[in-house]
């Protein structure tokens with residue numbers, strides 16, 4: 001048990017290495033498409049990792065996480081439209097607005113539990129969706145084209161595919177590292193304790209909801225960052241980014257990879273988006289295959305892919 | 001050990017809690033003196049757990065007042081009462097099942113060691129929290145089971161862990177809700193021996209069905225029937241109280257024999 005060399009850790013290391021070396025592969029083979037695809041995967045992996053923080057570790061089943069993708073994206077898009085192109089302004093605003101939204105939504109939603117929590121987070125995200133649809137100055141339903149990516153001076157060229165990919169990857173690894181530190185910290189212990197038994201945690205002296213709320217805000221802020229990356233990646237932001245099906249997809253990515261496992265959401269996102277890409281080449285009804293696959297994982301592999309690997313490595 | 005001249009550590013005044021038409025707590029008053037072990041007994045449905053839940057703040061009364069250590073805590077939420085030194089164990093084991101025994105106790109110590117908005121350092125590597133946990137586990141005889149998941153502990157061990165968790169909050173007053181529930185004979189005897197040790201250090205309110213244990217341990221006993229106090233006094237007085245005998249009828253035998 002003490003040994004760190006097991007099937008799961010080897011695969012995690014290989015995946016991390018693969019992600020790091022991907023641009024080299026892309027350059028050698030001249031396959032630009034794979035770099036574009038994986039930029040998208042890495043961004044969604046960050047969003048899924050942030051969702052896993054509240055869903056897997058905090059036990060908060062948020063069904064409105066795509067809202068932060070939209071909020072982070074619109075912060076970048078709207079500021080760019082209004083002539084503020086500096087990333088040093090755009091990105092902090094994206095994070096701050098996401099945090100603020102999470103604070104308000106969290107303070108209201110965390111009064112409820114279980115199904116009600118799921119429904120209320122969904123409802124708020126749909127509200128955000130309709131508000132974005134109503135922003136006629138910024139394209140309304142049609143969305144908003146971002147003509148210039150965030151400008152970080154000479155620091156990084158956002159239009160350079162490789163540089164942008166590595167920026168996204170740094171955000172992902174940084175985010176996962178942050179979450180890893182956090183779940184092992186005092187704060188993380190409390191959050192996981194509350195997931196396990198809220199009444200017990202109150203009885204020994206923890207104000208459970210205060211810790212839940214802070215966790216909710218941190219998660220939303222990280223996802224807001226993913227939103228800012230996503231808007232830069234697609235040069236476009238529209239209400240569809242925060243439609244409820246997107247929130248559902250994020251949940252599926254987390255469940256695929258393994259709720260409450262640190263690297264699970266990254267693996268889950270890779271598998272989900274690769275499958276979507278591959279299957280949609282064969283049939284437009286790719287969801288017909290994805291659905292039963294999800295069922296199988298939920299029924300027979302609690303803990304997702306990471307859970308399976310964990311069982312393998314224990315023999 | 002019992003200082004009857006001292007101010008009570010816990011004072012309950014005219015507490016009322018209704019559930020629909022039923023008064024589960026009916027104008028109940030009670031004093032717990034510092035240093036004593038105060039047992040609360042009563043037939044099933046007498047409102048013992050309802051009372052404990054109001055004392056710890058899981059349940060709010062309809063009227064009345066609860067004073068603890070000179071403060072009015074009637075409307076304080078449970079986490080704040082815990083900070084003041086009021087700890088409870090649960091009748092139905094209430095632990096963190098997917099954590100180890102040591103984690104359960106260390107979290108209790110952590111709750112009383114400043115705030116927990118610390119996001120970076122590894123909590124499991126904080127020496128003083130781990131040491132506090134180990135000490136509390138050793139007190140209840142679980143030192144060797146520290147790294148076992150709670151869900152893999154036996155029922156008896158979980159009862160002991162409940163106690164260790166409560167102790168780790170460094171309480172002034174320990175509210176024990178049927179610590180002997182579901183224990184075998186030897187486990188019960190161990191628990192009684194443990195409580196005999198603990199009572200030297202901390203004031204205890206003990207709700208318990210096991211009459212033998214109650215009469216062996218208690219300085220004073222309060223008898224509840226239908227949410228009301230029908231008698232309160234030392235074990236001798238309770239044993240000879242006619243009203244208590246009537247209330248217990250079926251259990252009267254147990255009261256007299258084990259006294």
Across (1) within 14 Å of chain A (Cβ to nearest Cβ); (2) more than 28 Å from residue A:185 (Cβ to Cβ); (3) part of a strand (DSSP E or B), residue B:64 clears everything bar (1)
Looking for something within 29 Å of residue A:262 (Cα to Cα), surrounded by 19 or more Cβ atoms within 10 Å (Cβ to Cβ) and within 14 Å of another protein chain (Cβ to nearest Cβ) - is there at least one such residue anywhere in segment A:158-178? yes
Can you tell me which condition residue A:188 does not meet? The list is (1) surrounded by 19 or more Cβ atoms within 10 Å (Cβ to Cβ); (2) more than 9 Å from chain B (Cβ to nearest Cβ), and all the others hold. (2)
Name the residue, out of B:125, B:170, that is surrounded by fewer than 21 Cβ atoms within 10 Å (Cβ to Cβ), under 15 Å from the mean Cα position of the chain (by Cα), within 14 Å of chain A (Cβ to nearest Cβ) and farther than 21 Å from residue B:39 by Cβ. B:170
Every residue in segment B:123-143 that is farther than 25 Å from residue B:190 by Cβ and not in a helix (DSSP H, G or I), please. B:126
In segment B:28-42, is there at least one residue being surrounded by fewer than 20 Cβ atoms within 10 Å (Cβ to Cβ) and part of a strand (DSSP E or B)? yes
Of the residues in segment B:93-114, those that are touching a residue at least 24 places away in the same chain (Cβ under 8 Å), over 20 Å from the mean Cα position of the chain (by Cα), buried (at least 19 other Cβ atoms within 10 Å of the Cβ) and within 7 Å of chain A (Cβ to nearest Cβ) come to B:99
So which pairs qualify, if the first residue must be in segment A:89-108 and touching a residue at least 60 places away in the same chain (Cβ under 8 Å), the second must be not in a helix (DSSP H, G or I), the Cβ gap must be under 6 Å, and the two must be at least 6 apart or on different chains? A:90/A:150
How many residues are within 24 Å of residue B:150 (Cβ to Cβ), within 10 Å of another protein chain (Cβ to nearest Cβ) and either in contact (Cβ under 8 Å) with a residue 60 or more places away in the chain or not in a helix (DSSP H, G or I) (or both) if we restrict to segment B:72-92? 6
Do you know which residues across segment A:197-208 are out of contact with any strand residue (DSSP E or B) (no Cβ under 8 Å at 6 or more places or on another chain), within 7 Å of another protein chain (Cβ to nearest Cβ) and within 10 Å of residue B:107 (Cβ to Cβ)? A:200, A:205, A:206
Lone unmet requirement of (1) at pLDDT below 95; (2) buried (at least 24 other Cβ atoms within 10 Å of the Cβ) for residue A:47: (1)
Checking the conditions here, which among A:259, A:306 is touching a residue at least 40 places away in the same chain (Cβ under 8 Å), outside any helix (DSSP H, G or I), over 30 Å from residue A:80 (Cβ atoms) and within 18 Å of the chain's Cα centre (by Cα)? A:259
If we scan segment B:141-157, do we find a residue that is modelled with pLDDT of 95 or more, facing chain A (nearest Cβ under 10 Å), under 20 Å from residue A:199 (Cβ atoms) and touching a strand residue (DSSP E or B) at 6+ places or on another chain (Cβ under 9 Å)? yes
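Rundown of residues vs (1) surrounded by 23 or more Cβ atoms within 10 Å (Cβ to Cβ); (2) within 21 Å of residue B:101 (Cα to Cα), yes/no style:
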site: B:149; (1), (2): no, yes
site: B:155; (1), (2): no, yes
site: B:162; (1), (2): yes, yes
site: B:179; (1), (2): yes, yes
site: B:194; (1), (2): no, yes
site: B:232; (1), (2): no, no
site: B:238; (1), (2): yes, no
Counting only residues that are closer than 15 Å to residue A:55 by Cβ, surrounded by fewer than 19 Cβ atoms within 10 Å (Cβ to Cβ) and either modelled with pLDDT of 95 or more or within 20 Å of the chain's Cα centre (by Cα) (or both), segment A:94-114 contains a total of 0
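The values are calculated or read from the model by the stated rules, or taken from the named source; none is laboratory data. It should be emphasised that the depicted structure is a prediction, and the values quoted were computed from it without experimental measurement. Virtual Cβ from ideal backbone geometry, glycine too; neighbours counted across all protein chains shown.
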